[in-house]
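A.B. asks: Encoded as structure tokens, here's the structure I'll be asking about.
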Amino acid sequence: MKPQISVVTVVYNGVNTVEETLRSVAAQRYPNKEHLVIDGGSTDGTVDILQRHRGQLATLVSERDRGIYDAMNKGIERAHGDVIGFLNADDSFMDENVLDAVAAVFENPDVDACYADLIYVAQNDPNRIIRYWKSRPYEYGLFKRGWMVAHPTFYVRRSVYERLGGFDISYKIQADFELAMRFLEIHRLRSTYVPQIWVRMRIGGESNKTFMNVVRGNLEAYRACRKHGVNVTPFFLLRKVLSRLPQFIQRPISNGRGT
């Protein structure tokens, strides 16, 4: 039987983009899915949009939270799917077949997690590509070199979250880095990299919307490495920043799939 896939969307005051995200999930051809939306108590009209789409949502929560990762944990706790992934209110799927590709990976019972590529696009023009996050198959030791999976493409079995826990909300910007490192580097989950673009993400998210957030995020990543005994030096911060530079130069091939 094909796995049920839970897609969690967290949003706070996303009135300009959340409807595109909702439609993107609804357009997925894969039938065995559920969509959960965790809203942080928006005041800009977001909730009105969510209510208009209530019929397509398995779960809708709108209440104050302790930040984006607290909201993600709420989604994990409420998800019923065999596999859980995240598509936030600035994101959309690259095409209507992404969840089919995810499901195909998890037909292999030996796989715990998978991930793919994404593109960053301009905030006001989703057709203008700013950055291409091309990933690679995971190898032990990548995290101490500043590597990170593209989290909006990261799908993990629910049983893994039940066993290893969710996001550590003491990290305000890089809890996704800490979680991915904990899963892949520390607990050695069996992962699969799919060389396709799965997500279109608007530039300007929490981790990169200001220079100071970039600095704080990199310091949090350094702290996460030290917490888990991953041997890093102060040059880790420089390597992490430099590792992103090729993403602004390389471009995906024209059919929207990675090479």
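The values are calculated or read from the model by the stated rules, or taken from the named source; none is laboratory data. Not measured: the values here are computed from a predicted model. Here the Cβ positions follow ideal geometry from the backbone for every residue, glycine too, while neighbour counts run over all protein chains shown.
A.B. asks: Got a number for residues in segment 145-167 being crowded, with 16+ Cβ neighbours inside 10 Å, assigned to a loop (DSSP other than H, G, I, E, B) and either more than 11 Å from the chain's Cα centre (by Cα) or not small (Gly, Ala, Ser) (or both)? Don't jump to the end; show me each part of the working.
C.D. replies: Start the filter on segment 145-167 by keeping residues that are crowded, with 16+ Cβ neighbours inside 10 Å, which leaves 146-158, 160-161, 166-167.
Keeping just the survivors that are assigned to a loop (DSSP other than H, G, I, E, B) gives 146-150, 154, 166-167.
Within this subset, residues satisfying the condition of being either more than 11 Å from the chain's Cα centre (by Cα) or not small (Gly, Ala, Ser) (or both) are 146-149, 154, 166-167.
Residues flagged as crowded, with 16+ Cβ neighbours inside 10 Å, assigned to a loop (DSSP other than H, G, I, E, B) and either more than 11 Å from the chain's Cα centre (by Cα) or not small (Gly, Ala, Ser) (or both) within segment 145-167 amount to 7.
A.B. asks: Would you point out which residue out of 180, 122 is of a type outside the set (Lys, Arg), in contact (Cβ under 8 Å) with a residue 24 or more places away in the chain and in contact with a Lys or Arg (Cβ under 6 Å, 6 or more places away or on another chain)? Write out each step before concluding.
C.D. replies: Working: 180 fails: in contact with a Lys or Arg (Cβ under 6 Å, 6 or more places away or on another chain).
Criteria check complete, one pass: 122.
A.B. asks: Looking only at segment 216-237, count how many residues are modelled with pLDDT under 60 and in contact with a helix residue (DSSP H, G or I) (Cβ under 9 Å, 6 or more places away or on another chain).
C.D. replies: Restricting attention to segment 216-237, the residues satisfying the condition of being modelled with pLDDT under 60 are 235-237.
Going one step further and asking which of them are in contact with a helix residue (DSSP H, G or I) (Cβ under 9 Å, 6 or more places away or on another chain), we end up with 236-237.
Of the residues in that region, 2 qualify.
A.B. asks: If you don't mind, there's one more thing I want to ask. With the condition kept exactly as written, say whether any residue in segment 120-133 is among the hydroxyl-bearing types (Ser, Thr, Tyr), under 24 Å from residue 13 (Cα atoms) and surrounded by 16 or more Cβ atoms within 10 Å (Cβ to Cβ). It would help to see each step written out before you state the result.
C.D. replies: Going through segment 120-133, the residues among the hydroxyl-bearing types (Ser, Thr, Tyr) turn out to be 120, 132.
Those still in the list that are under 24 Å from residue 13 (Cα atoms) too: 120.
Pick out the ones that are also surrounded by 16 or more Cβ atoms within 10 Å (Cβ to Cβ) and you get 120.
Within segment 120-133, one or more residues are among the hydroxyl-bearing types (Ser, Thr, Tyr), under 24 Å from residue 13 (Cα atoms) and surrounded by 16 or more Cβ atoms within 10 Å (Cβ to Cβ).
A.B. asks: A follow-up question, please. Can you name the residue in segment 106-119 that is of a type outside the set (A, V, I, L, M), over 11 Å from residue 198 (Cα atoms) and in contact (Cβ under 8 Å) with a residue 12 or more places away in the chain and is also surrounded by the most Cβ atoms within 10 Å (Cβ to Cβ) among such residues? I'd like the intermediate steps shown before the answer.
C.D. replies: At the first step, the residues of segment 106-119 found to be of a type outside the set (A, V, I, L, M) are 106-110, 112, 114-115, 117.
With the extra rule that they be over 11 Å from residue 198 (Cα atoms), the set shrinks to 106-110, 112, 114.
Those still in the list that are in contact (Cβ under 8 Å) with a residue 12 or more places away in the chain too: 106-108, 110, 112, 114.
On the way: 106: 20, 107: 10, 108: 10, 110: 6, 112: 22, 114: 25.
Checked segment 106-119; the qualifying residue surrounded by the most Cβ atoms within 10 Å (Cβ to Cβ) is 114.
A.B. asks: Let me confirm something: among 64, 29, 54, which residue is surrounded by fewer than 20 Cβ atoms within 10 Å (Cβ to Cβ) and either of a type in the set (S, T, N, Q) or touching a residue at least 60 places away in the same chain (Cβ under 8 Å) (or both)?
C.D. replies: Numbers: 64 fails: either of a type in the set (S, T, N, Q) or touching a residue at least 60 places away in the same chain (Cβ under 8 Å) (or both); 54 fails: either of a type in the set (S, T, N, Q) or touching a residue at least 60 places away in the same chain (Cβ under 8 Å) (or both).
Checking each option against the conditions leaves just 29.
A.B. asks: What about residue 102, is it part of a loop (DSSP other than H, G, I, E, B) and buried (at least 20 other Cβ atoms within 10 Å of the Cβ)?
C.D. replies: Values: part of a loop (DSSP other than H, G, I, E, B): no; buried (at least 20 other Cβ atoms within 10 Å of the Cβ): yes.
No.
A.B. asks: Another question about this same structure. Give segment 88-116 a look and list any residue that's within 12 Å of the chain's Cα centre (by Cα) and among the acidic types (Asp, Glu), or say none.
C.D. replies: Start the filter on segment 88-116 by keeping residues that are within 12 Å of the chain's Cα centre (by Cα), which leaves 88-93, 114-116.
Selection gives 90, 91.
A.B. asks: Please find, within segment 6-22, the residue that is farthest from residue 96 (Cα to Cα) out of those that are part of a helix (DSSP H, G or I) and without any contact (Cβ under 8 Å) to a residue 40 or more places away in the chain.
C.D. replies: Keep residues of segment 6-22 that are part of a helix (DSSP H, G or I), which gives 18-22.
Next cut, without any contact (Cβ under 8 Å) to a residue 40 or more places away in the chain only: 19, 22.
On the way: 19: 16, 22: 13 Å.
Only one residue tops the list, namely 19.
A.B. asks: May I pose another question? So which residues in segment 35-94 are of a type in the set (S, T, N, Q), modelled with pLDDT of 95 or more and touching a helix residue (DSSP H, G or I) at 6+ places or on another chain (Cβ under 8 Å), if there are any at all? Can you show your working first?
C.D. replies: Going through segment 35-94, the residues of a type in the set (S, T, N, Q) turn out to be 42-43, 46, 51, 56, 59, 62, 73, 88, 92.
Those left that are additionally modelled with pLDDT of 95 or more: 42-43, 46, 51, 56, 59, 62, 73, 92.
Those that are of a type in the set (S, T, N, Q), modelled with pLDDT of 95 or more and touching a helix residue (DSSP H, G or I) at 6+ places or on another chain (Cβ under 8 Å): 46, 56, 59, 62, 92.
A.B. asks: Here is a follow-up. Of the conditions (1) surrounded by fewer than 20 Cβ atoms within 10 Å (Cβ to Cβ); (2) in a loop (DSSP other than H, G, I, E, B), residue 196 satisfies every one except a single condition; which number is it?
C.D. replies: Every condition holds for residue 196 apart from (2).
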